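Working notes, beginning with the structure itself.
The values are calculated or read from the model by the stated rules, or taken from the named source; none is laboratory data. In this text, all values refer to a predicted model and were calculated from it rather than measured experimentally. Using ideal geometry, Cβ is built from the backbone for each residue, glycine included, and neighbour counts are taken over all protein chains shown. Ligands, DNA and RNA are excluded from the accessible area calculation, which covers all protein heavy atoms including side chains. Shrake-Rupley method; radii C 1.70, N 1.55, O 1.52, S 1.80 Å.
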Amino acid sequence: MITANVFDIKRFSINDGDGIRTTIFIKGCPLACKWCQNPEGLIPEIRLWYARNICVGCKSCIAACGHDALRWDDRGIAIDHKACTRCGKCVVACPTGAIRFDAKTMSVEETLEEIEKDRPFYGPDGGATLSGGECMASPTFSLEVLRGCRARGINAQIETSLYARPEVVDAFSETTDKIIADIKLIDPARHWLATGVDNTLILSNIRRLAGKGENLLIRVPLIPGFTDDEENIRGIAKFVSSLEKDILVELLNFNPMCREKYESLRATYQFDPDQREIPRERVNALKEILTEHGLVAI
Amino acid sequence: MKSKLDQLPLSLRVQKLKEVMFAEERFASIEQAKIVTDVYRAHGELPRNILRALALKEALERIEIRITEGELIVGNRTTGVRAGVIFPESGLSWVDREIESLPTRPQDPFRIREEDVRSFKEEIFPFWQGKTLEDILDDRIGDEMRAIGKVAKINQTDHAQGHICPNTERWLKYGPAGLIAEAKAEREQHTDNTVFYDGLILSLEGACLFMRRYAALAREMADNSVRREELLEIALVCDALSERAPESFREAVQASWFLYVILQMESNASSFSPGRMDQYLLPYYEKDIASGTLTHESALELIECLFLKFNQIVYLRSSGSAKYFAGFPIGFNVAIGGQDEDGKTAENELTFLFLRAQDHLLLPQPNLSARVFAGSSDHFLTRCSEVVGKGSGMPQFFNDEAVIPALKSKGISDEDARNYAIVGCVELTTMGNNLGWSDAAMFNLVKALELALNDGVCTLTGKQMGAHTGTLEDFETYGDVIKSLNTQIDFFFERMIRCCEVVEQAHAELLPSPFLSCVIDNCMKIGIDVTAGGAHYNLSGIQAIQCANVADSLAALKTLVYDENLVDRKELHAALVNNFENAELLRLRMLNKAPKYGNDIEWVDAIAFDWARDFAERLSRYTNVRGGPYQMGLYTVSAHVPMGQNVGATPDGRFAKEPLADGGMSPVYGRDAKGPTAVLKSVSRVKSEYGSNGTLLNMKFLPSLFHTELGVAKFVRLLRAFIELKIIHVQFNVVNREDLLAAQKQPELYKSLTIRVAGYTAYFIELAHDLQREIIARTEFSEL
């Protein structure tokens, strides 16, 4: 059976493609962006997750654990993922859901059933979006889900880094109604430093897809100190305007709300805790750069 | 694309009138009570319908009247606006107990003049003791009602029954003068029943007098006024309406308002519903627009003047009743849009002018209801969505695709069903021919469940209230739980129906309503008062409360106790009796670790539906005293709070006395973790044909959704799905700052607030606190 580890299914998604959508978040990503807003989606395996804000501190989980994988400290429950066998006893024991698995293994059929649930809401433009993590990192599963959507007459779109082999990208483009792809940084060295990978593959995928006339939306995440400088935006503008097809570019503002996830993971948050969205005037100024290059920016 | 009608400006006049109205203090008034008492004192021997007609006529003749500076539409039942009218015939005992505390009570206070308190205590109250509806019912079935009251609350025991949609179209077609002629002609035909017609005629004569008094006052004021022309115009309109049917749009609007004022003076009841105003006012509007005597601007101004009027009559309730129905909702329910008799869209220019008026004023009245169906235009749904986004909670939405079949299943004709309107908050009715008695009683299924798990003993008081059915400890299987709950429901059901019958009979006996009978089809023809069954349709509605809590409680029992054996029944029973004292972890488990209604989980939603359907089927075995069927409603308005106070701890992890789910169809606060689409799917499983008395679903959205055209378009798509899913009703509230502040204090109630960012999802309550605070700070609508 083809499965994937799905870490969230967001119904009534209204910012992940056209219309009303159901977004499927699949675990595992080849990139490791320093600002990742879904850090629980980076590794493909299911792990234990701890939501500090809803924990009542009863320690039932510690009592239930037979592997000494949990302990209590000044930040709440600390998880030793190496010791954890994912037996799930602590999950059953937790009365609030603060201790839970960060994802669920789902088959293609189960995933399509979830997508079916909101069919009355999709209308002609809404549908399903595969996101992540990186959906192209689970190609067999993702492609089957996309084909399933198509067979059911449900519009299917993807959110992707496009960091994948060209033949994989082409397979996706054949089964997808729209590809929403990021260009985070135009300079290869800076891209490598910030995401752990080189962007040559990504840019060539974009160029090829544009050449084929694919329905493509480019998103540029504006990350303070990483991607929000004029030089980067100008470089991206030049690149997009050099493509064979006119492509819409969306500037996505920084999302500070993922901070608590880093706390749950006890991972380093790259930003000042007080870092907030980039001011609207600044975003408009950056948008202006795109417009100067003849692009339509949203 | 916005049309010109959607952008008409708010006139200075309307703006001023609104400011002045809300600046005025609200008083309780005994003026009409005095007049009515005088009439009863002098003519107590007359038949009750004549006595009532005389009392009304006398009030219409004597009550002090006022025309406010700037008003175009005139008329009220008191000189002050939003006054609480004390009305003796229906009940005064509560007034006697509460009159001094009216200014200081927490919900819906009114000021009262000292001399009025004295006059009430010395002249009015002593005369009425033992004579009011309230006293007589207390005498007849008081003990019985108290014995079942925590489970089956009987309504309409201390006020007249409103919740009716008069035939305004007929009133406009004939006017009071024309109706007098008709009543006289019918009297000739019914020589054995002349007394009935005498009552109608007296009340209609009073109506004519009332209109002429306004004409006289306007003329008198005109002499020294800067707005002499306007006042003379008012005088002309009022005089004309006392003699003939309205001809212009303005006359029709004024005539409609007079009708509702006089109906309120006759009955002082909650909700005389105007119904489909955009339909029956249309011929007047079109004629005047065509002839050039009316502009879009002046039509809108008249509608807005009427909207202000809808806010000037409020309904004084006892402090207990005010808890159930907070904010003195008076239920001027105006339905717009929908379909015509051929199933084509009935939208017209007036539809959009009514929306624009709501857009401008954002007041609690009218209760504006948008009828929607598969054939509704995108423009209509878009305009409705934009107005919803302003945060007044209106228009609320009624779905023709669900309502029409539901009404037809209760014996309503196709033509009448397609022409339905709404009374009160959400109760369904046909137009002008139906006494729906839609709020006969409320049956608290959650209390019945509490009793079912504790051998019929109330866990709050320790009193034996219901049948002996054993306790949770005794129930070996989930089936035993179900059996016990059914026994408890049966125990209260018969008793409730018998009380409802006595109440309805008492209304017919004590509160016949001759004026209302003139504008409800069939009464005049067959010579029977509306309260005695004269209307073409005679229904009675009883509310089943609250399916969400029943589903959550039973699902928790089934999952954690019977299927997974994670919770011991003896331990849980003890915890329920002790309100989860020293059992917090058990409570959290019941709350968090069992599936809940509202999350698109078929088997849990089916529990809600099963109990609703069973309840509706039980009701269908009975016929009311007017010969019509009973039907079920699924709504509480604000009664989920006091009704929750009557219920002990429940297996869904709810503490004793906590509110029940709000609305009627809504999931319990904060338990809908999968967003609005899942809620709508769950609600759609409680099939609409069983909610023919009306259902209520509340949903909340963040205001940002309505800030962009794209967001509005997505909201419209949600409405289209609501239509397709055949859900009867939904009302959308825009989350305001207060909601979000509450979310910070009690995050467990707001689990379902999700923050929507591209490629990202998280629940509000799992965000860091400083970020929660910032979202709050950014959320607008603080003033609403």
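Over every pair of different alpha-carbon atoms in chain B, take the mean of 1/r and invert it; report that Kirkwood radius in Å. Write out the running numbers ahead of the final one.
Working: mean 1/r = 0.0367 Å⁻¹.
Hydrodynamic radius (Kirkwood, Cα pairs) of chain B is 27.2 Å.
Taking every pair of Cα atoms in the protein assembly as shown, average 1/r, invert it to obtain the Kirkwood radius, and report Rg/Rh to two decimals. Working shown, then result.
Values: Rg = 32.1 Å, Rh = 31.8 Å.
Over the Cα atoms of the protein assembly as shown, Rg/Rh equals 1.01.
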Taking a threshold of 32 Å on the Cα-Cα distance, which of the pairs A:261/B:2; A:59/A:184; A:59/B:674; B:309/B:700; B:596/B:714; A:261/B:714 fall above it?
A:261/B:2; A:59/A:184
Across all Cα atoms of segment B:221-262, Rg and the largest Cα-Cα distance (Dmax), in Å, are 11.2, 30
Given a cut-off of under 8 Å on Cα pairs at least six residues apart, what relative contact order in percent is computed for chain B?
14 percent
Please pull out the direction-averaged projected area of segment B:555-702, using the convex hull of its alpha-carbon atoms, in nm² to one decimal place.
10.3 nm²
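What fraction of the DSSP beta bridges in segment A:46-191 is antiparallel, stated in percent and rounded to the nearest 5? Please report the intermediate quantities before stating the final value.
Values: 7 of 15 bridges.
Bridges in segment A:46-191 are about 45 percent antiparallel.
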For segment B:305-353 the translational diffusion coefficient, Stokes-Einstein from a Kirkwood Rh over Cα pairs at 4 °C and viscosity 1.567 mPa s, in µm²/s, is roughly 96 µm²/s
Among trypsin sites (Lys or Arg not before Pro) in segment B:309-399, those in a DSSP loop whose Cβ has at most 15 other Cβ atoms within 10 Å are B:344
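Based on DSSP, what percent of beta bridges with both residues in chain B are antiparallel, to the nearest 5? Show your work: numbers first, answer last.
Details: 19 of 50 bridges.
The answer is about 40 percent antiparallel.
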Using every alpha carbon pair in segment A:1-134, what percent of pairs falls into each 5 Å bin from 0 up to the bin containing the largest distance?
2, 10, 16, 17, 17, 16, 12, 7, 3, 1, 0
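Structure shown: which of B:150/B:463; B:16/B:287; B:150/B:593; B:681/B:726 lie over 20 Å apart, alpha-carbon to alpha-carbon?
Details: B:150/B:463 12 Å; B:16/B:287 29 Å; B:150/B:593 30 Å; B:681/B:726 10 Å.
The pairs that break the limit, which is 20 Å between Cα atoms, are B:16/B:287; B:150/B:593.
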Search the structure for amide H atoms under 5 Å from the amide H of residue A:101, placed 1.01 Å from N in the peptide plane, and list their residues when 5 or more places away or on another chain.
A:49
For the residue pair residue A:92 and residue B:233, what label-to-label distance in nm results when each label sits 7 Å from Cα along the Cα-to-beta-carbon direction?
7.8 nm
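Place a +1 charge on the Cβ of each Lys and Arg in chain B and a -1 charge on the Cβ of each Asp and Glu, then give the dipole magnitude about the Cα centre in debye, rounded to the nearest 20. If you can, show how the numbers build up before the last one.
Working: 85 positive and 108 negative charges, 215 e Å.
For chain B, the charge dipole is close to 1040 debye.
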3J(HN,Hα) from dihedral phi, segment B:118-125, Karplus parametrisation 6.51/-1.76/1.60, rounded to Hz, x for glycine, proline:
4, 4, 4, 5, 8, 9, 7, 4
Full-extension gain in nm, residue B:291 to residue B:105, via 0.36 nm per residue minus C-alpha separation
61.7 nm
At 1.4 Å probe size, with no ligands or nucleic acids counted, give the accessible surface of residue B:603 in Å², nearest ten.
110 Å²
Top to bottom by accessible area (1.4 Å), largest first, where do A:145, A:296, B:577 land?
A:296, B:577, A:145
Here P(r) for segment B:1-96, Cα-Cα distances in 5 Å bins, as whole percents, is 2, 11, 16, 16, 14, 12, 9, 7, 5, 4, 3, 1, 0
Sort out for me the Cα centre separation of segment B:661-724 from segment A:89-151, rounded to whole Å.
22 Å
Check cross-link reach from residue B:483 to the lysines: straight Cα distance under 17 Å, and skip same-chain residues fewer than eight apart.
B:447, B:558
One finds the C-alpha centres of segment B:435-450 and segment B:159-238 to be spaced, in Å, by 37 Å
Residue-normalised 222 nm signal for chain B, counting each DSSP H run of n ≥ 4 as -39,500 (n - 2.57), nearest 500 deg cm²/dmol, is -15000 deg cm²/dmol
FRET efficiency estimate (nearest 0.05) - Cβ-Cβ, residue B:144 to residue B:20, R0 41 angstrom
0.25
Keeping all protein chains in position, work out how much accessible area residue A:184 exposes to a 1.4 Å probe, and write it in Å² to the nearest 10.
20 Å²
Positive end of the charge dipole of the protein assembly as shown (Lys, Arg +1 and Asp, Glu -1 on Cβ, about the Cα centre): tell me which of B:83, A:81, A:137 has its Cα farthest that way.
A:81
Provide the FRET efficiency to the nearest 0.05 for the residue B:610-residue A:229 pair, computing r from the beta carbons and using R0 = 56 Å.
0.35
Calculated from backbone phi, Karplus (6.51, -1.76, 1.60) coupling profile of segment A:232-242 in Hz, x at Gly/Pro:
5, 5, 5, x, 5, 4, 4, 4, 5, 6, 8
So, with +1 on the Cβ of K and R and -1 on the Cβ of D and E, and no other charges, what is the size of the charge dipole of segment B:497-585 about its Cα centre, to the nearest 20 debye?
300 debye
Given B:598, B:22, B:580, which one lies farthest toward the positive end of the charge dipole of the protein assembly as shown, if we put +1 on the Cβ of every Lys and Arg and -1 on the Cβ of every Asp and Glu?
B:580
Can you work out the base-10 log of I(q)/I(0) for segment B:458-551 at q = 0.24 1/Å, using the Debye formula on its C-alpha atoms alone?
-1.27
Using a Cα-Cα cut-off of under 16 Å, which aspartates and glutamates could be cross-linked to residue B:344, ignoring same-chain neighbours fewer than 8 residues away?
B:278, B:378, B:400, B:401, B:414, B:415, B:416
With a Cα-only, solvent-free Debye model of segment A:89-210, what are the log10 I(q)/I(0) values at q = 0.12, 0.21 Å⁻¹?
-0.56, -1.11
Given the whole protein assembly as supplied and a 1.4 Å probe, what does the accessible area of residue B:770 come to in Å², nearest 10?
40 Å²
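Take each of the peptides B:185-194, B:468-477, average the number of other beta-carbon atoms within 10 Å over its residues, and list them starting from the highest. Write out the running numbers ahead of the final one.
Details: B:185-194: 12.4, B:468-477: 16.1.
Top of the packing list down: B:468-477, B:185-194.
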Karplus ³J(HN,Hα) for segment B:707-720 (6.51 cos²θ - 1.76 cosθ + 1.60, θ = phi - 60°; Hz, whole; x = Gly/Pro) runs 7, 10, 4, 5, x, 4, 4, 5, 5, 4, 4, 4, 5, 4
Accessible area per residue of the protein assembly as shown at 1.4 Å probe, in Å²?
36 Å²
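From Cα pairs below 8 angstrom and at least 6 apart in sequence, can you work out the relative contact order of segment A:219-269, rounded to a whole percent?
On the way: 28 pairs, mean separation 23.1, N = 51.
Value for segment A:219-269: 45 percent.
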Give the separation of the Cα centroids, segment B:601-620 to segment B:41-86, in Å.
46 Å
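For n ≥ 4 DSSP H runs only, could you compute -39500 (n - 2.57) per run for chain A, divide by its residues and tell me the 222 nm figure to the nearest 500? Kindly include the intermediate steps, with their values, before the conclusion.
Values: 11 runs with 99 residues, N = 298.
Taking each H run of at least 4 residues, the total per residue is -9500 deg cm²/dmol.
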To one decimal place, what Kirkwood hydrodynamic radius in Å is obtained for segment B:350-401 from all pairs of distinct Cα atoms?
11.0 Å
Segment B:601-619 residues near the modelled residue A:113 label - backbone nitrogen below 17 Å, point 7 Å along Cα→Cβ
B:601-606
Between residue A:270 and residue A:100, what FRET efficiency follows from the Cβ-Cβ distance if R0 is 30 Å, with the result rounded to 0.05?
0.70
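I need the peptides B:522-535, A:72-85 ranked by packing, meaning the mean over residues of other C-beta atoms within 10 angstrom, with the highest value on top. Could the numbers behind the result be given before it?
Numbers: B:522-535: 22.0, A:72-85: 12.6.
Ranking, from highest mean packing down: B:522-535, A:72-85.
With the Cα gyration tensor of segment B:41-148 in hand, convert its eigenvalues to equivalent ellipsoid semi-axes via √(5λ) and list them largest first in whole Å. Walk me through the intermediate numbers first.
Details: eigenvalues 151, 90, 39 Å².
Each semi-axis is √(5λ); the values are 27, 21, 14 Å.
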Other chains' Cβ within 10 Å of A:6-17 residues: what's the mean?
6
Among A:275, A:249, A:265, pick out the residue whose Cα is farthest towards the positive end of the charge dipole of segment A:236-298, where Lys and Arg carry +1 and Asp and Glu carry -1 on C-beta, about the Cα centre.
A:265
log₁₀ I(q)/I(0) of segment B:131-207 at q = 0.14, 0.19, 0.23, 0.25 Å⁻¹, via Debye over equal Cα point scatterers, no solvent, to two decimals?
-0.71, -0.86, -1.01, -1.11
So what's the Cα pair-distance distribution over segment B:166-211, bin width 5 Å, in %?
5, 24, 27, 25, 14, 5, 0
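Using the reciprocal of the averaged 1/r over all distinct C-alpha pairs, how large is the Kirkwood radius of segment B:100-259 in Å?
Details: mean 1/r = 0.0497 Å⁻¹.
Averaging 1/r across every pair of different Cα atoms and inverting gives 20.1 Å.
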Using the Cα centre as the reference, give the magnitude of the dipole from point charges on the C-beta atoms of segment B:651-722 (Lys, Arg: +1; Asp, Glu: -1; all else neutral), rounded to the nearest 20 debye.
200 debye
